[in-house]
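Please read the structure below before turning to the comments.
The values are calculated or read from the model by the stated rules, or taken from the named source; none is laboratory data. Fair warning: this is a prediction, and the values are worked out from it, not measured in the lab. We place every Cβ from the backbone using ideal geometry, glycine too, and count neighbours over all the protein chains shown. The accessibility values were calculated without ligands, DNA or RNA, using every heavy atom of the protein model including side chains. Shrake-Rupley method; radii C 1.70, N 1.55, O 1.52, S 1.80 Å.
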Amino acid sequence: MFGPQSSLVMYDEELKRINATIEKLLREANAKVIFLVDKNGQLITAVGETEHLDTTSLASLTAGNIAATGGLAKLIGEKEFSILFHEGEKDNLHISIVAGRVILVVIFDQRSSLGLVRLRVKKASDELGDIFQDLAKKAEDMEAGGEFQSPFAEITDDDIDNLFS
Amino acid sequence: MSFINYASREINCKIVYYGPGLCGKTTNLQFVYQKTAPEAKGKMISLATETERTLFFDFLPLALGEIRGFKTRFHLYTVPGQVFYDASRKLILKGVDGVVFVADSQEERLDANIESLENLKVNLEEQGYQLEKLPFVMQYNKRDLPNVSPLEELRSLLNPTNVPEYEACATTGEGVFETLKAVAKLILIDLKKGGR
Ligand SMILES: Nc1nc2c(ncn2[C@@H]2O[C@H](COP(=O)(O)OP(=O)(O)OP(=O)(O)O)[C@@H](O)[C@H]2O)c(=O)[nH]1
Ligand SMILES: [Mg+2]
């Protein structure tokens, strides 16, 4: 599932578990916003004060940021930098990689601290890692059992044309 | 690599515009941005130099509508075309679902086109992709200029496998949506086959 050619697939059940985990993290870390992004820049989910945030743009730039620092890491012989921290005047960004392919972003202000965020992220990362493993397994099982049915299997040329009308 | 979200009933796909420096990749996205209804687009992000050359990427999220109850979103990216930004180009190709090659039709850019297309193949292969297996569309841009190569010449050098091809003038928008539509269609057909 995690090969270059396969889709990331998300199901209700796992999304609920993911959201429960990051909502808990949001509370325990006193954070403002938390979101999860696929390494390719696609937003998986966001919790907290997201109303005034352009989460799509944030997701794309976060992935670009991780990709660029990952490139830097390789150049100096590191595998990757698993944690990035950006400090602002009011808000700070804590970015980490979960399960090798998902990016966890925590936005927090002076109501929290880097130490607290780091501690709580560590715990939540393990839980998230388990969930993504389940997700990968589910996709594998479905594929092996021939159960994976693309939701697009039945689309027609007209459906596609209508998108652009 | 598309992202199929059954929970929110959304599907996200990534389209990358590739091609030599100054061929008009960013201009393609700018035109799409200008002509798309506000509710169907997000912010366009351009990470560019002070002289408006793409430094890392341009990004434009589009929400095209629903197919079979799934919201279809396309994330459009351009790469920086200048030769020395190769490391960045590789990063942007990660997880790509479909590629548009924007060729600069001007005679003096013929070699640059060939080199860039070769570079695309190499960079894709490095990540386990094969261009022949990806949804891929060719755009011959800048057809409005006087010093352009004949179409047959471009075709034989850049499109020997006969993928869908379009003449364009990105500054006026000619051919821009046709190109986008063609690659989006190929991606959806690919998804339809399933198992990806
Ligand atoms: N005449 C003409 N000019 C064009 C056309 N498309 C783009 N241009 C111009 O070409 C120049 C470069 O266009 P960009 O879109 O910035 O090129 P790019 O491919 O993004 O370049 P990099 O970011 O360096 O890779 C700009 O001045 C555009 O206005 C076209 O179809 N006809
Ligand atoms: Mg550009």
Output for Cβ contacts, cut-off 9 Å, separation at least six or different chains, first residue within 17 Å of residue B:120 (Cβ to Cβ) and touching a residue at least 12 places away in the same chain (Cβ under 8 Å) in segment B:152-181, second small (Gly, Ala, Ser) and within 15 Å of ligand 1 (Cβ to nearest atom), reads B:154/B:103; B:154/B:105; B:157/B:149; B:158/B:103; B:159/B:103; B:179/B:168
The condition of being more than 14 Å from chain B (Cβ to nearest Cβ), among the β-branched types (Val, Ile, Thr) and open to solvent by less than 30 Å² (accessible area, probe 1.4 Å) holds, among A:121, A:102, A:47, A:37, only for A:121
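Residue-by-condition table, conditions (1) exposed (fewer than 15 other Cβ atoms within 10 Å of the Cβ); (2) charged (D, E, K, R); (3) within 14 Å of chain B (Cβ to nearest Cβ):
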site: A:79; (1), (2), (3): yes, yes, no
site: A:88; (1), (2), (3): yes, no, no
site: A:92; (1), (2), (3): no, no, no
site: A:108; (1), (2), (3): no, no, no
Residues of segment B:12-44 being within 19 Å of residue B:179 (Cα to Cα) and in a helix (DSSP H, G or I), in sequence order, are B:25, B:26, B:27, B:28, B:29, B:30, B:31, B:32, B:33, B:34, B:35, B:40
Of B:188, B:134, the only residue that is surrounded by 15 or more Cβ atoms within 10 Å (Cβ to Cβ), under 18 Å from the mean Cα position of the chain (by Cα), modelled with pLDDT under 95 and more than 16 Å from ligand 1 (Cβ to nearest atom) is B:188
When segment B:46-58 is checked residue by residue, the ones that are near ligand 1 (Cβ under 7 Å from one of its atoms) and charged (D, E, K, R) are B:52, B:53
Being crowded, with 19+ Cβ neighbours inside 10 Å and either within 8 Å of another protein chain (Cβ to nearest Cβ) or part of a helix (DSSP H, G or I) (or both) narrows B:180, B:157 down to just B:180
From the option list B:110, B:62, B:47, B:76, single residue qualifying as over 16 Å from the mean Cα position of the chain (by Cα) and part of a strand (DSSP E or B) is B:47
When every residue in segment B:6-17 that is at the interface with chain A (Cβ under 7 Å from one of its Cβ atoms) and surrounded by 22 or more Cβ atoms within 10 Å (Cβ to Cβ) is compared, the one modelled with the highest pLDDT is B:14
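For segment B:67-83, give me each residue that is within 10 Å of chain A (Cβ to nearest Cβ) and either open to solvent by 40 Å² or more (accessible area, probe 1.4 Å) or within 16 Å of ligand 1 (Cβ to nearest atom) (or both).
Correct list: B:68, B:73, B:77.
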The one condition residue B:71 fails out of (1) of a type in the set (Lys, Arg); (2) over 22 Å from residue A:64 (Cα atoms); (3) not in a strand (DSSP E or B) is (3)
Quick count over segment A:83-101, residues being in a strand (DSSP E or B) and under 13 Å from residue A:34 (Cα atoms), is 5
The correct count of residues that are in contact (Cβ under 8 Å) with a residue 40 or more places away in the chain, within 13 Å of ligand 1 (Cβ to nearest atom) and within 14 Å of another protein chain (Cβ to nearest Cβ) in segment B:18-45 is 2
Practice task
Would you mind stating whether residue A:23 is over 16 Å from the mean Cα position of the chain (by Cα) and open to solvent by 50 Å² or more (accessible area, probe 1.4 Å)?
Solution key: no
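Before we move on, is residue B:121 surrounded by fewer than 18 Cβ atoms within 10 Å (Cβ to Cβ), under 16 Å from residue B:96 (Cα atoms) and in contact with a helix residue (DSSP H, G or I) (Cβ under 6 Å, 6 or more places away or on another chain)?
Against the criterion (surrounded by fewer than 18 Cβ atoms within 10 Å (Cβ to Cβ), under 16 Å from residue B:96 (Cα atoms) and in contact with a helix residue (DSSP H, G or I) (Cβ under 6 Å, 6 or more places away or on another chain)), residue B:121 qualifies.
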Residue set B:64, B:110; condition in contact (Cβ under 8 Å) with a residue 40 or more places away in the chain, more than 12 Å from chain A (Cβ to nearest Cβ) and open to solvent by 20 Å² or more (accessible area, probe 1.4 Å); output residue B:110
Query raised in the report: Is it the case that some residue within segment B:55-75 is away from ligand 2 (no atom under 11 Å from the Cβ), touching a Pro at 6+ places or on another chain (Cβ under 6 Å) and on the phi < 0 side of the Ramachandran plot?
Result: yes
Per the filter on segment B:79-97, residues within 11 Å of ligand 2 (Cβ to nearest atom) and under 11 Å from the mean Cα position of the chain (by Cα) are B:79
Just checking, does segment A:110-133 include any residue being part of a loop (DSSP other than H, G, I, E, B) and either touching a strand residue (DSSP E or B) at 6+ places or on another chain (Cβ under 8 Å) or not small (Gly, Ala, Ser) (or both)?
yes
